[in-house]
Amino acid sequence: MDILRSIYEVTGFIVLIALGVAALEGYFYYHFKFHDRSWFFPAALLAFPALALAVSAAVTGGFQPRLWSWFLMAELLVLAGFKYAVKGRHTVPYLLLAPAFVGLALLLVYPFVFEVYLSFHDLKLTTIMMWKNTGKIPFAGLDQYVKVFTTSPLSEVSFWALLGRTLLWTFSNVFFHVAGGFALALLLNNAIRFKGFYRTLLVIPWAMPQVVAVLAMRGEFHSQNGFVNIILSKLTAAFPFLASMGIGPVQWLSDYPLLTCTIINVWLGIPFMMVVILGGLQSISSSYYDAADIDGASYFQKLRFITLPLIKPVLMPAVTLGTVWTFNNINVIYLVTGQAGGTEQADILVSALYKAAFTYNRYSYSAAFAIVVFALLFFISVTYLHGFDAAKEER
Amino acid sequence: MASVQFKGIVKKFKDNLVLNGVDVDIKDHEFVVIVGPSGCGKTTLLRMLAGLEDITGGDILIDGLRVNELHPSKRQIAMVFQDYALYPHMTVEENMSFALRLRKTDKAEIGARVDEAANILQLQKFLKRMPKQLSGGQRQRVAIGRAIVRKPKVFLFDEPLSNLDAKLREEMRVEIAKLYQRLNATIIYVTHDQVEAMTLAGRIVIMNHGIIQQVGSPIEVYRKPANLFVAGFIGSPTMNFMHGKLALDGEHLRFSSGDIKLTIPPYLLHDPKKHDGREVTVGVRPDDVLVGRTADGCSDKVDGVLEVCELLGHRENLYIKVGETRLLATVEAFFDRSPGSAVQVCFNYKNMHVFDKVTEKRISE
């Protein structure tokens, strides 16, 4: 019975996780309980690694010096943490947070540290067997970082061209997200019939799984069977002057890949901005508009002097998030152009990074590349948030 | 400055009739307070004058000019809102000069007007501050300053003091009274607080259920309330009401309501025969309910039981039960009786009001 077997396996996995968390809690519990006793430091350094040694020997059937030394280091780290950070107060919250901390450390801190390690070495298709057999990778110093800026991550496009393209992509996307979202939010903020219905329709692109939405839209940009080209050809047939202006069906995916990606991503990103801006608009007290009416402000003056300054506090974090998401948006680019020998004309930094790592197998190079991208994004976010703080001070 | 006329104003929100034929003439330089309980339509009336609400029926005239379709900014009015509506992202100075800047008034003129208003309201120190850095009273003054700067024909105040605490409210009330003396402007002031209405107004407009109940000077509406609603609304503590029947007893009219039996003097109701058998409500203000030594000289005394005493300092509120009727008497402190004791009560006939029970209109002189 296959189904019974899968239930058994899933249950086993859940029980294993529960046991792991319980062991972790027990381990921390003794630390929390006795960490301020004088005997605890040497005892813990002996008892816990010994226990770990026994368990690992029982599970793997032999002495694992690497594993054991890792554990010893972790134990030292934990003990140091207790000695200098916890200091007896608020032990229960720390105890309850401990499994989450460990989980985060495994899922975020460890990969990041490993990434940094990789970026200073040389792991690629020709050295990976050496790494597997000996556990050693040639040290490369800053070579990978130099290569990031001097060689192409793909077959032809340089880093600088990619960076320029990414900035253009990010800026144009975020601009249209905000402009479109703002326009729709202004419309929805009026007293109109079937408002809830329109709002639901407009949120759909955001509510759908991105992969489904992108692949569906990609189909619509198909040169013969896509909705966009069919409409364009019908339009030019009905209104010949359009054709004389140079409007007609085009090869979207092969001739204008970045434009296609941008259109799709704008469509995908508008709902989020719309929802955020609508929330901001609805929080503005109507008496400001009354006062502005009496003061004699026109519609656009009200928009400029009342609405925009007052939604700035909700808009700024949304724009920061939108910028980071768009900068990092591999989904749309990869799903529209990247599969199986697709074009490089639409690649931005992160999609080039993905290809460098998993199509061209340049692991260390892409690790360095990723850290450069990370530094760029970090800089952008900090600048935005700084601007946001300054705006808040102003109010 | 200007006069304002409301002619047969009707306002409907869908099927809900909010104002039903409001007619008021407000003269030049007049301080008119529109007062009424919440939901009576007073703020709607003010917002219609400001141009913030559409007019369903009737005409509004400012200085003889029909303004029904005129944009708010063209009506030469200025409004002070209940929540002040100061633009939170602009300094006090920018708030006050916003309207002038929109009109592209020249800079020297703007500066002069803002300084003048800031001088009147003692805001010079705060011109560079943001609204959130000001206290409630200061914000209120900025909101008034924003109105002054525009030099409007009519000032509109929409419950301007209701967001302030009691002490500040008293101070600002005096400030507004002083401001009126200084500006000598036409002011229309909406409030639900009858104390503000009594103290500030040149004339009071009392509204209820979208209808004007009475228009008159504060002393008129206090001394001669036109109907039961006005009698109960104006004056604090509230007037006592006794429901009963009039009957002719020889030459005199006798009023009886349970255990209370009174002779109604002819100067209150002329032509006693006409009122024989009429169902009426008699109203007496707590000050005119006489208890203890002041009641000694009265003829029609009624017996009651003292239920609760409230000492206010120089005055004392006495809650007295006469038969099934509860009466409130306000007397000089100290009324030296303990709750539960029997007291004798009589009324000051000169200030007694008689209303018809059905029409609720005043029938006494």
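We did not get these values from a lab; they are worked out from the coordinates using the rules stated. Source: prediction; values computed, not measured. Cβ sites come from the backbone with ideal geometry, for glycine too, and all protein chains shown count toward neighbours.
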Query raised in the report: To the nearest Å, what is the center-to-center distance of the stretch B:1-34 and the stretch A:317-380, using C-alpha atoms only?
Result: 66
Query raised in the report: Per-residue HN-Hα couplings for the stretch B:292-303, Karplus 6.51 cos²θ - 1.76 cosθ + 1.60 at θ = phi - 60°, whole Hz, x for Gly and Pro?
Result: x, 5, 5, 8, 4, x, 6, 9, 8, 9, 10, 9
Query raised in the report: What is the packing order of peptides B:230-239, A:37-46, taking the mean over residues of other C-beta atoms within 10 Å and listing the highest first?
Result: B:230-239, A:37-46
Query raised in the report: So in the protein assembly as shown, what percent of DSSP beta bridges are antiparallel if you round to the nearest 5?
Result: 80
Query raised in the report: Across 10 Å bins from the origin, how do the percents of Cα pairs in the stretch B:213-365 run, short distances first?
Result: 11, 40, 35, 13, 1
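Restricting to bridges with both residues inside the stretch B:83-230, how much of the DSSP beta-bridge set is antiparallel, in percent to the nearest 5?
Of all bridge pairs located within the stretch B:83-230, approximately 50 percent are antiparallel.
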Report summary line: Scanning chain B, every Cys lacking a C-beta partner under 4.7 angstrom -> B:C40, B:C309
Requested in this report: Please list the non-local residues whose amide H lies under 5 Å from the amide H of B:I34, H modeled 1.01 Å from N, same-chain partners needing a gap of 5 or more.
Outcome: B:Y189, B:V190, B:T191, B:V205
Report task. Kindly flag which residue pairs out of B:K107/B:K132; A:K302/B:K167; B:K7/B:K153 have an alpha-carbon separation exceeding 28 Å in this structure. Result -> A:K302/B:K167
Report summary line: In terms of the alpha carbon gyration tensor, root eigenvalues a ≥ b ≥ c, rounded if a/c is under 1.5 and otherwise prolate when a/b exceeds b/c or oblate, the stretch B:159-285 is prolate
Query raised in the report: In degrees, nearest 10, range 0 to 90: what is the angle between the Cα axis of helix A:110-119 and the longest Cα principal axis of chain A?
Result: 80
**Report entry** Residues of type lysines that B:K128 reaches as a straight line, Cα spacing below 16 Å, ignoring anything fewer than 8 places off in the same chain
**Finding:** none
Report task. Over the alpha-carbon set of the stretch A:2-88, work out the extent along each principal axis and list the three values in angstrom, largest first. Result -> 54, 30, 16
**Report entry** Cα convex hull volume per residue for chain A (Å³)
**Finding:** 269
Query raised in the report: According to the square roots a ≥ b ≥ c of the eigenvalues of the Cα gyration tensor, what is the shape class of the stretch B:4-233, taking rounded for a/c under 1.5, prolate for a/b larger than b/c otherwise, and oblate for the remainder?
Result: prolate
Query - Interchain or long-range residues, amide H under 5 Å from B:A201's placed H - result: none
Query raised in the report: So what J values fall out for the stretch A:365-375 if you push phi through Karplus, 6.51 cos²θ - 1.76 cosθ + 1.60 with θ = phi - 60°, rounded to Hz, Gly and Pro as x?
Result: 4, 6, 5, 4, 4, 4, 5, 4, 4, 4, 4
Query - Helical contribution to [θ] at 222 nm, DSSP H n ≥ 4, -39,500 (n - 2.57), averaged over the protein assembly as shown, rounded to 500 - result: -16000 deg cm²/dmol
Requested in this report: For B:K273, list the lysines whose Cα falls under 30 Å from its own Cα; do not include residues on the same chain fewer than 8 positions away.
Outcome: B:K224, B:K245, B:K261, B:K301, B:K350, B:K357, B:K361
Requested in this report: Identify which of B:M242, B:M198, B:M79 has the largest mean-square fluctuation in a Gaussian network model of chain B, with springs joining Cα atoms closer than 10 Å.
Outcome: B:M242
Report task. When a/c is below 1.5 the answer is rounded, else prolate if a/b is larger than b/c, else oblate, so apply that to the stretch A:95-164 with a ≥ b ≥ c taken from the square roots of the Cα gyration tensor eigenvalues. Result -> oblate
Query - Between the stretch A:4-29 and the stretch B:42-69, the alpha-carbon center distance in angstrom - result: 73
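Quote the charge dipole size of the stretch A:2-88 about the Cα centre in Debye, to the nearest 20; the model charges only the Cβ of Lys and Arg (+1) and of Asp and Glu (-1).
Details: 6 positive and 5 negative charges, 66 e Å.
Computed about the Cα centre, the dipole is about 320 debye.
Kindly state, as a whole number, the per residue volume in cubic angstrom of the convex hull around the alpha carbon atoms of the stretch B:1-99. Can you show the working numbers first?
Values: hull volume 12.6 nm³, N = 99.
Per residue, the Cα convex hull of the stretch B:1-99 comes to 127 Å³.
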Query raised in the report: Can you list the lysines whose alpha carbon is less than 16 Å from that of B:K12, not counting same-chain residues fewer than 8 positions off?
Result: B:K42
Query raised in the report: Sequence-distant or interchain residues sharing an amide H contact under 5 Å with B:L290, placed H: which?
Result: B:C346, B:F347, B:N348
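First obtain the Kirkwood hydrodynamic radius of the protein assembly as shown from its Cα pairs, then insert it into the Stokes-Einstein equation at 20 °C and 1.002 mPa s, and state the resulting D in µm² per second as a whole number. Display every interim value, and only then the final one.
On the way: Rh = 35.0 Å.
This corresponds to a translational diffusion coefficient of 61 µm²/s.
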Report summary line: In whole Å, largest first, the alpha carbons of the stretch A:151-361 cover along the principal axes 63, 46, 31
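Just need the relative contact order of the stretch B:1-141 here, percent rounded to a whole number, with Cα pairs under 8 Å and 6+ apart. Don't skip to the answer; put the middle values down first.
Working: 159 pairs, mean separation 28.0, N = 141.
Reported relative contact order: 20 percent.
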Query raised in the report: By how many degrees, between 0 and 90 and to the nearest 10, does the Cα long axis of helix A:40-60 differ from the longest principal axis of chain A?
Result: 80
**Report entry** Rel. contact order, % - alpha carbon contacts under 8 angstrom, at least six apart, chain B
**Finding:** 15
Report task. Report ³J(HN,Hα) in whole Hz for each residue of the stretch A:180-189, in order, from the Karplus equation J = 6.51 cos²θ - 1.76 cosθ + 1.60 where θ = phi - 60°; Gly and Pro get x. Result -> x, x, 5, 4, 5, 5, 4, 5, 6, 7
Report summary line: Under Stokes-Einstein, the stretch B:60-136 at 20 °C and 1.002 mPa s, with its Kirkwood radius over C-alpha pairs, diffuses with a coefficient in µm²/s of 151
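Over chain A, what relative contact order in percent results from Cα pairs under 8 Å that are six or more residues apart? Intermediate results must be reported in sequence, preceding the final value.
Values: 346 pairs, mean separation 81.0, N = 395.
Contact order relative to length: 20 percent.
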Report task. Give the distance, in whole Å, between the Cα centre of the stretch B:237-274 and the Cα centre of the stretch A:67-126. Result -> 93
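Using the Kirkwood radius over Cα pairs, work out the Stokes-Einstein diffusion coefficient for the stretch B:98-207 at 37 °C and 0.692 mPa s, in µm²/s as a whole number.
Once the numbers are plugged in, D ends up at 219 µm²/s.
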Query raised in the report: How big is the convex hull of the Cα atoms of the stretch B:265-354, per residue, in Å³?
Result: 101
